[in-house]
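These notes are about the structure you will find just below.
Throughout, read-outs are computed from the coordinates displayed, never taken from laboratory work. All values reported here derive from a predicted model rather than from experimental measurement. Every residue, glycine among them, receives a Cβ derived from its backbone with ideal geometry; neighbour counts consider all protein chains shown.
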Amino acid sequence: MLWVGNLSTHVGEDDATAVFASQRALECIIMHTDSHSNAFILYSSLEALRGYKVVIP
């Protein structure tokens with residue numbers, strides 16, 4: 001599981017899926033959209049996360 005914090009309140013589940021599902025075995029995304037938006041990204045295996053680095057401007 002990957003935790004992503006401090007997301008813009010304008011980021012939705014479709015946006016997060018587009019970024020985090022590319023070439024990875026994504027299981028699900030759980031979004032929390034309070035004043036400090038964050039998400040839990042669940043992958044099918046730990047190997048899916050190896051060498052993973054995402055930079056969002």
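General observations
- Spacing of the modelled spin labels on Arg24 and Leu46, each 7 Å from Cα toward Cβ, amounts to 1.6 nm.
- Taking all Cα pairs closer than 8 Å and separated by 6 or more residues, the relative contact order of segment 2-49 comes to 45 percent.
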